[in-house]
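Undergrad: One structure, as C-alpha cells, below. Some questions next.
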Amino acid sequence: MYACCPVAFPERLERAVATSKTWEPAGGGSGMDDLIAVRKARSLLDEATLSRHALERARELYEDRLAPEFSPFEFLGTDELIWSQLIGWLLNPKGSHAQKGRFLRLFTRHVSHIGREWPEHACETAVLELEHRFDGGRIDILIRSGDRLLIIENKPSAADQDAQLARYFAYADGRTRERLKTVIVYLTADGRGPAAHSLDDTDVEARRSDGTLVLQSYRELSLASDSGGRSWLDVCRHACRSPRVAGFIEDMQNRINMDFSGIRDMNAVAHLADAISKSPEDIKSAFQIAQSLNLLRAKLCTALIGQIKYKASAHNIHLSENSSIQANGLYLNFEFDPQSPYLIRFYTSDVVAIGLLRRDENDSKDQAQIAIGRNLARRLNGLGPSKNWGGDKWAWIVLLDANSPLCALPRDFWMNPAPWASIAAEDGHDGQGDLDVAEKIVGAVRRIQDALTGVQQGPAVSAGP
C-alpha cells in the first residue's frame, strides 16, 4: 500500500504536490540531509508519474484486446445481497464453479481457528443456504456439515439492527445444544466488531475468546496480509482449475479492492512496487512519501473545512468547533438546534456517511433521548432509509456512495485520490475540481437541516455529480 497513492493520484494532485518544490529546510544540522531526502522523494514521484503515463499509453494501444475497464460488476452492482450471493456461490460445494468444497476448505483455513474443525470431507458434503429465516430474523449465509454450523453475517456497509447479533447467538446457542459446533463470522468492510446495540461489548469479547465469533474484513478476503500471507481469494484463484472461474474471482478481487481499499488498478500498484523494490534509495523514498500521506490528508482536510465554512455561511449552516481531523478519519459536526441532544454529523473513515448523532456519545442508553431521536428520524424518511443504528448513538444515518441522491461521494473516500485531488484544486492549486466535495456536503446538510426544521426546500446546493 505504501506506493499505491502516488501512482493513482490524478495529474492535478501531482501538480499540487509539485508546488512544494520551492520548499527549503528551516535550518538545523540535518538541513542538507532533509533537502536531499526531499529531492529523492520528488524524483520518485516523477518516476511514478512517468510510470503511470506509460501504463495509460499501453492501455490505449491494447485497449481493444484487453478491455481493461470491463467488469461484470458494471451490470451486477455490489450491494449487500449481491456480495452474499457471490460469497455463498464460492462457498457452496454444489456451486456452478465445479470446484466442489475447495473454496470452502480454503475459507475455513483463512478464518481464525476453524480450519481444523472443517476437514476436507466436511467441506465436500456441506449444505449452504442463503437468507436462512428463523424466529429471530434472517441469516445471510448458513453452512452446515454434520455437527458443524458456520454462519456468515455480511455487513459490507449496512449497520446492525437492535440486538441483531444477540438474536443470532441465541439461535446458535440453541443449535449448540443440539451438539452442533457453531461459529459466526462477522464480515465487514474493515473487520470492525458489532455495535453495542447489536451485541454488548462484554459479550463480543467473550465470544471472540471462546472462538464462536470471528471478525473478518473484505480487505482481508482480497488483499495479502501485512506479513505477506496470501488472501482467501488469492488462494482460491490459484487453486481453481477453471480459467473462467479464476478470471471471475480476479474480477471480484478488483471490485473489493476498489470499493473497500481504494485501489483502482492493482496491476499499476504491483508494477510500481516491483520497480521501487529494486532500489534501496527508492524504498526509503517510498516510505517517506507514505509517511507524508497523513500530513497531506490533514492539510487537505483543513482546506475542506475552510471551503465548507465559506459555502455554509450563505445557508445558515453552522459547522461546530468540535469537529475533528484524526489519523483515520474526518468528523464534521453541524448544529441545527443547540438545545437538541442530536447534531448532524458527516464523517469519512472506513465508510463515508451522514446522519443524526447523539451529542453525548457516552450517554446512548437514555430512552427519552432515543425517543427524541426516532421522532427526528421520521422527518428524514424522504432523504433515504436509515441503516437502523437508532438504538445506540445514531438516530438516523445514510451510508453514502458515488450514486447516493443525498450526497454523491465515493464510498472509499478516505483512500480514493479523486476527492482529495478535487479539494486541492478547489483550494486554488489548479482551478476547478471534478468533485466539489464541500458543495456536496453542504448541500446534504442543508437538506437534512431543512427537513428537521420544517423549512420548505428552495433552490438547493447541488448534492449530485
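Undergrad: Please identify the pairs in which a residue from the stretch 319-331 that is within 19 Å of ARG446 (Cα to Cα) and in the same structural domain as ALA353 (by TED's automatic domain parsing) has its Cβ atom under 9 Å from the Cβ atom of a residue that is aliphatic (A, V, I, L, M) and at pLDDT below 90, counting only partners at least 6 apart or on another chain.
TA: Filtered contacts from the stretch 319-331: TYR331/ILE325.
Okay, residues lined up against (1) within 30 Å of TRP396 (Cβ to Cβ); (2) buried (at least 21 other Cβ atoms within 10 Å of the Cβ); (3) among the acidic types (Asp, Glu):
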position: ILE141; (1), (2), (3): yes, yes, no
position: ASP162; (1), (2), (3): yes, no, yes
position: ARG167; (1), (2), (3): yes, no, no
position: LYS181; (1), (2), (3): no, no, no
position: ILE184; (1), (2), (3): yes, yes, no
position: ASP201; (1), (2), (3): yes, no, yes
position: ASP251; (1), (2), (3): no, no, yes
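Undergrad: If we keep just the residues of the stretch 96-118 that are free of Cβ contacts under 8 Å to residues at least 12 places away in the same chain and not basic (Lys, Arg), which is farthest from ILE143 (Cα to Cα)?
TA: SER96
Undergrad: When THR188 is evaluated against the numbered criteria (1) at pLDDT 95 or above; (2) crowded, with 21+ Cβ neighbours inside 10 Å, which criterion, by number, is the only one it fails?
TA: (1)
Undergrad: Here's a follow-up. When residues of the stretch 121-143 are filtered for being touching a helix residue (DSSP H, G or I) at 6+ places or on another chain (Cβ under 7 Å) and closer than 20 Å to PHE103 by Cβ, how many remain?
TA: Total meeting the criteria: 8.
Undergrad: Go through the stretch 328-352 and give me each residue that's outside any loop (DSSP other than H, G, I, E, B) and modelled with pLDDT under 90.
TA: Those that are outside any loop (DSSP other than H, G, I, E, B) and modelled with pLDDT under 90: GLY329, VAL352.
Undergrad: Given the condition crowded, with 20+ Cβ neighbours inside 10 Å, within 22 Å of GLY115 (Cβ to Cβ) and out of contact with any Asp or Glu (no Cβ under 7 Å at 6 or more places or on another chain), answer yes or no: does some residue in the stretch 234-242 qualify?
TA: yes
Undergrad: Something else now. Yes or no: the stretch 231-250 includes at least one residue that is within 23 Å of GLU74 (Cα to Cα) and among the β-branched types (Val, Ile, Thr).
TA: yes
Undergrad: Same structure, new question: Name the single residue, out of those in the stretch 218-277 being closer than 19 Å to TYR186 by Cα and hydrophobic (A, V, I, L, M, F, W, C), that is modelled with the lowest pLDDT.
TA: Looking at the filtered set, the residue picked out is PHE260.
Undergrad: Name, by its number, the condition in (1) at positive phi; (2) surrounded by 15 or more Cβ atoms within 10 Å (Cβ to Cβ); (3) modelled with pLDDT of 85 or more that does not hold for ILE87.
TA: Every condition holds for ILE87 apart from (1).
Undergrad: Filter the stretch 142-185 for residues that are among the hydroxyl-bearing types (Ser, Thr, Tyr) and not in a helix (DSSP H, G or I); which is modelled with the lowest pLDDT?
TA: Checking each candidate, the answer is SER157.
Undergrad: Sticking with this one: PHE248 versus (1) within 16 Å of GLY136 (Cβ to Cβ); (2) among the aromatic types (Phe, Trp, Tyr); (3) out of contact with any strand residue (DSSP E or B) (no Cβ under 9 Å at 6 or more places or on another chain): which is the lone unmet condition?
TA: (1)
Undergrad: (1) in the same structural domain as VAL351 (by TED's automatic domain parsing); (2) at pLDDT below 50: which one isn't true of ALA460, the others all being true?
TA: All conditions pass for ALA460, except number (1).
Undergrad: Here is a further query. Scan the stretch 408-454 for residues that are out of contact with any Gly (no Cβ under 8 Å at 6 or more places or on another chain), under 26 Å from LEU343 (Cα atoms) and modelled with pLDDT under 85 and jot them down.
TA: ARG411, LEU435, GLY454
Undergrad: Tally time: how many residues in the stretch 303-327 are small (Gly, Ala, Ser) and either touching a strand residue (DSSP E or B) at 6+ places or on another chain (Cβ under 8 Å) or not in a helix (DSSP H, G or I) (or both)?
TA: Total meeting the criteria: 5.
Undergrad: Answer yes if at least one residue in the stretch 111-132 is in a strand (DSSP E or B), modelled with pLDDT under 95, in the same structural domain as CYS240 (by TED's automatic domain parsing) and within 29 Å of ASP401 (Cβ to Cβ), and no otherwise.
TA: yes
Undergrad: Looking at GLY229 and the list (1) buried (at least 19 other Cβ atoms within 10 Å of the Cβ); (2) assigned to a loop (DSSP other than H, G, I, E, B), which single condition is not satisfied?
TA: Looking at each condition in turn, GLY229 falls short on (1).
Undergrad: I'd like the full set of residues that are surrounded by 17 or more Cβ atoms within 10 Å (Cβ to Cβ) and in contact with a Ser or Thr (Cβ under 7 Å, 6 or more places away or on another chain), limited to the stretch 100-116.
TA: Result: ILE114, single match.
The values are calculated or read from the model by the stated rules, or taken from the named source; none is laboratory data. Quick caveat, the model's predicted, so the values are computed rather than measured. In this analysis, Cβ positions are derived from the backbone assuming ideal geometry, glycine residues included, and neighbour counts consider all displayed protein chains.
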